[in-house]
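The next block holds one structure in the form of structure tokens; read it before the comments.
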Amino acid sequence: MPEENEPGSTGASPGRRGWLIAGIALLTCAGLVGYGTLGTDEQPRPEAAPGAEVTYAVTGTGTAEISYLARSEAGTATVEKDVTLPWTKSVQMPLGKAPTVTVVLGEKGGQASCTLTIRDKHVQRSTTMGAFGRTSCTGGVQARQG
């Protein structure tokens, strides 16, 4: 083992060298954790707005184009084309929004009824028939009372 003053010596005792290596490893780990935490573009997720479960149902014969609203910041409708009936979709809607489902039958016609249910309570039903028949159901999502 070379002495501290000999060539090739690091000038540190074996115990100090171990502490030095451990310190460097600890700083490297802390830097990687900091980079992973601070170097991301992720924003904290906003808390979910209170809402209610809404079920859209379309029964009947034939095919249809179905538009419905679901929880969306933009408030745009989701459109499903050439849907073979019957069809059902459950979504969460924020309070104060008006859930709406619109049905347009195809060229061959048929018959379709839309039903809107909010929190397991029937709200509206509407029926259409014939080529390109159109109907819609709408309601409102309110806060629960008491």
- Largest-first ranking of Trp19, Trp87 by accessible area, probe 1.4 Å, whole protein assembly kept, is Trp19, Trp87
- Note on the structure: For Arg71, the residues 5 or more places away or on another chain with a placed amide H closer than 5 Å to its own amide H are Gln92
- Query: With Cβ to Cβ distances under 12 Å as the rule, what net charge do the other residues near Gly139 carry (K, R +1; D, E -1)?
  - Reply: +4
- Task: Name the lysines eligible as straight-distance cross-link partners of Lys121: C-alpha to C-alpha under 20 Å, and not fewer than 8 places from it in the same chain.
- Result: Lys89, Lys97
- For Lys108, go through the lysines and keep the ones whose alpha-carbon is under 21 Å away, minus same-chain ones fewer than eight residues off. Lys81
- Binned at 10 Å from 0, what are the whole-percent values of the Cα-Cα distance distribution for region 91-140, short to long? 27, 45, 23, 6
- Note on the structure: Charge dipole of region 46-134 built from unit charges on the beta carbon (Lys, Arg +1; Asp, Glu -1), centred at mean Cα; most positive-end Cα among Met129, Pro86, Gly51 is Met129
- Average Cα contact separation per residue, region 48-146, under 8 Å, 6 or more apart, as relative contact order %: 32
- Modelled FRET efficiency - R0 22 Å, Arg134 with Ala98, Cβ distances, 0.05 increments: 0.75
- Solvent-accessible surface ranking, highest first, for Ile66, Ile21 at 1.4 angstrom: Ile21, Ile66
- Query: So for Glu65, Glu107, what's the accessible-area order with a 1.4 Å probe, most first?
  - Reply: Glu107, Glu65
- Express the accessible area of region 75-141 per residue in Å², computed with a 1.4 Å probe while the remaining protein chains stay in the model. 57
- Task: Just order 135-143, 77-85 by mean Cβ neighbour count inside 10 Å, highest at the front, would you?
- Result: 135-143, 77-85
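The values are calculated or read from the model by the stated rules, or taken from the named source; none is laboratory data. None of the values given here were measured: they were computed from a predicted structure. Cβ coordinates were reconstructed from backbone atoms using ideal geometry, including for glycine residues, and neighbour counts include every protein chain displayed. These accessible areas exclude ligands, DNA and RNA; they are computed on the full protein's heavy atoms, side chains included. Shrake-Rupley method; radii C 1.70, N 1.55, O 1.52, S 1.80 Å.
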